[in-house]
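**Student:** Dropping the structure in here first, questions after.
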Amino acid sequence: MQNVKYKRVVLKISGEALAGETNFGLDTETLDGIADSIKQVFELNVEVAIVV
């Protein structure tokens, strides 16, 4: 198991970030990438709060 600095983090994501390169609505590829990143952090036993 990796040693992590924080046990809890807050991730603030803007609507623009979720739109990706489409500039409107939600981009599924962008969402998949963000979800994969969150999953990796979660698997390190870090609690993740998400604010959109």
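**Student:** Residues of the stretch 1-36 being in a loop (DSSP other than H, G, I, E, B), of a type outside the set (A, V, I, L, M) and closer than 16 Å to Val51 by Cα, which ones?
**Tutor:** Ser14
**Student:** If you don't mind, there's one more thing I want to ask. Might you check whether a residue that is surrounded by fewer than 10 Cβ atoms within 10 Å (Cβ to Cβ) and on the phi > 0 side of the Ramachandran plot occurs anywhere in the stretch 5-26?
**Tutor:** yes
**Student:** For the stretch 37-52, name all the residues that are among the aliphatic types (A, V, I, L, M), part of a helix (DSSP H, G or I) and loosely packed, with under 11 Cβ neighbours inside 10 Å.
**Tutor:** None; the set is empty.
**Student:** Which pairs have Cβ atoms under 7 Å, sit 6 or more apart or on different chains, and link a residue in the stretch 36-48 that is within 16 Å of Ile13 (Cβ to Cβ) to one that is of a type outside the set (A, V, I, L, M) and surrounded by 10 or more Cβ atoms within 10 Å (Cβ to Cβ)?
**Tutor:** Val48/Phe42
Taken together, the values in this text are just the output of simple stated rules run on the coordinates, not laboratory data. Computed from a predicted model, the values in this text were never measured in an experiment. Neighbour counts are summed over all protein chains in view; Cβ atoms, including those assigned to glycine, are modelled from backbone coordinates with ideal geometry.
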